[in-house]
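Trainee: This structure is in structure tokens; I'll ask about it shortly.
The values are calculated or read from the model by the stated rules, or taken from the named source; none is laboratory data. Note that the coordinates shown come from a computational prediction; the quantities given were computed from them, not determined experimentally. Cβ atoms come from the backbone with ideal geometry, glycine included; neighbour counts cover every protein chain shown. Accessible surface areas use protein heavy atoms only, side chains included; no ligands, DNA or RNA. Shrake-Rupley method; radii C 1.70, N 1.55, O 1.52, S 1.80 Å.
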Amino acid sequence: MVELHPSGFLSLVIALTSAPLLLSVINRTKAWFAGRQGPPWLQPYSDLYKMLGKGAVYSHTTTWMIVAGPVVGLACTLCCLTLLPWGGVPAVFSFSGDVILLAYLLGLMRFFTVLAALDTGSSFEGMGASREVTFSALAEPTLFIGFAILAVQTGSLSLTGMAVKVDVDLWLQAGSVIALVACAWFAVFLAENARIPVDDPNTHLELTMIHEVMVLDHGGVDLAFIMYAAALKMWVLGTLLITLLIPRVTPWYLHLISAFCGMLLLALLTGVIESLMARLRMNRVPQMLVGAMVLAALALILLVR
């Protein structure tokens, strides 16, 4: 049975308005480490506004798929946000099994992004699509194992039900298990958002890019949809991490504030990592993701022993 929570629109509005801010925190952190002033705090919003006002040029080899990819990707992330509780506020919609729907929506987003890249007929975009699918095949099991552990610990198959029961008592009871899942999910967070050490979002070398090379032929509104969907996806995966790391507290508005600060700290940590580390060699990325899967499997073993 699907439950509607009107209060969930508060977290939805915060996510829609604040997701690009995470990119600002990352970029400003990297600029500080490099001794630069960095872009303005509202630069991602300015970029989105600029892209929405531009037109797009399509090759004669493309079909409707190149337009459908960005639209479906943005729609999937918006649907994910309606299923995701945040900051002590329940999700807009919740039902038993919505955790599975969330994972499949992220998979559907990737599927249409890959199809849009292949639709261009570019060998470089096909190469990026191949890498994207390969790495996601290693990241998704880690995500599902984490969901399975939370389902057992909380006795719920709903994201809202899980979030309600992630509190101080759960950390005292199974803190090591939750910590292992959080570490594994952080690796997935970096991989799924194409951040260092998996991918460098600022590179311009097609041979080393993964996500960015798939959207080289997009522009205008299509590119704005892709950029905004990427920011929302970072918010979605970041929320999963913050839900684990910040136990539920009362009253709800204190938890809301702590969750927002947690999201900013997560972006700050991502910027620090990108400033102190180099991108891994391409053949090392699967080893990193397999390592994350091993951490999740170890957490599962500790849970059932």
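Trainee: Gaussian network model of the chain, Cα springs within a sub-10 Å range: biggest mean-square fluctuation belongs to which of Val152, Val13, Val57?
Mentor: Val57
Trainee: Also, I was wondering about something else. Can you give the log10 of the normalised intensity I(q)/I(0) at q = 0.10, 0.17, 0.18 Å⁻¹, computed with Debye over equal Cα scatterers of segment 1-135?
Mentor: -0.49, -1.14, -1.18
Trainee: Where the only charges are on Cβ atoms (+1 Lys, Arg; -1 Asp, Glu), what is the dipole of segment 202-305 about its Cα centre, to the nearest 20 debye?
Mentor: I would put it at about 540 debye.
Trainee: 7 Å from Cα along Cα→Cβ at both Ser176 and Arg305: what's the point-to-point distance in nm?
Mentor: 0.5 nm
Trainee: Among Ala68, Ala117, Ala229, determine the one that fluctuates most according to a GNM of the chain built with springs between C-alpha atoms less than 10 Å apart.
Mentor: Highest fluctuation of the listed residues: Ala68.
Trainee: With labels modelled as points extended 7 Å from the Cα through the Cβ direction, what inter-label distance (nm, one decimal) is found for Trp252 paired with Tyr49?
Mentor: 3.2 nm
Trainee: Here's something else I'd like to know. Taking the Kirkwood radius as the inverse of the mean 1/r across Cα pairs, report the Rg/Rh of segment 34-83.
Mentor: Rg divided by Rh gives 1.13.
Trainee: With the contact rule set at Cα under 8 Å and sequence spacing of 6 or more, what percent relative contact order holds for the chain?
Mentor: It comes to 30 percent, rounded to a whole number.
Trainee: Report the label-to-label distance for Leu268 and Val294 in nanometres (one decimal), using points 7 Å from each Cα along the Cα→Cβ vector.
Mentor: Here the modelled spin labels are 3.2 nm apart.
Trainee: Here's a follow-up. How charged is the neighbourhood of Gln37? Take every other residue with its Cβ under 15 Å from the Cβ of Gln37, and add Lys/Arg as +1 and Asp/Glu as -1.
Mentor: Charge balance near Gln37 sits at +3.
Trainee: Using only the alpha-carbon atoms, how far is helix 98-119 inclined from the longest principal axis of the chain? Give it as 0 to 90 degrees, nearest 10.
Mentor: Rounded to the nearest ten degrees, it is 10.
Trainee: Which residue, Thr154, Thr63, Thr250, tops the fluctuation ranking in a GNM of the chain built on C-alpha contacts under 10 Å?
Mentor: Thr250
Trainee: When only DSSP loop residues count, what chymotrypsin sites (Phe, Trp or Tyr not before Pro) in segment 244-305 have their Cβ near at most 13 other Cβ atoms within 10 Å?
Mentor: Answer in residue order: no site qualifies.
Trainee: For segment 84-137 and segment 222-250, what is the centre-to-centre distance using only Cα atoms, to the nearest Å?
Mentor: What the calculation gives is 13 Å, centre to centre.
Trainee: If you don't mind, there's one more thing I want to ask. So what is the accessible area of the chain per residue, in Å², with the probe set to 1.4 Å?
Mentor: 45 Å²
Trainee: On to the next question. Quote the relative contact order of segment 192-305 in percent (integer), defining contacts as alpha-carbon pairs under 8 Å separated by 6+ residues.
Mentor: After rounding, I find 37 percent.
Trainee: Hey, what angle do you get for helix 43-52 against the long axis of the chain, alpha-carbon based, 0 to 90 degrees rounded to 10?
Mentor: Compared with the principal axis, the helix lies near 50 degrees.
Trainee: Return one number: the angle in degrees, 0 to 90 and rounded to the nearest 10, between the long axis of the Cα atoms of helix 168-192 and the longest principal axis of the Cα atoms of the chain.
Mentor: 10 degrees
Trainee: Quick one: Karplus J couplings for segment 58-74, per residue in order, coefficients 6.51, -1.76, 1.60, θ = phi - 60°, nearest Hz, x for Gly and Pro?
Mentor: In residue order, the calculated couplings are 10, 6, 5, 7, 8, 10, 5, 5, 5, 8, 5, x, x, 5, 5, x, 5 Hz.
Trainee: Fully extended, how many nm does the chain gain between Thr134 and Ser275 (0.36 nm per residue separation, minus their Cα-Cα distance)?
Mentor: Stretched out fully, the Thr134 to Ser275 stretch lengthens by 48.2 nm.
Trainee: So what are the radius of gyration and Dmax for the Cα set of the chain, in Å?
Mentor: 18.9, 60
Trainee: Let me ask something else. Considering only Val304, Thr62, Leu106, whose Cα is most displaced toward the positive end of the charge dipole of the chain, charges sitting on Cβ of Lys, Arg (+1) and Asp, Glu (-1)?
Mentor: Most positive-ward Cα: Val304.
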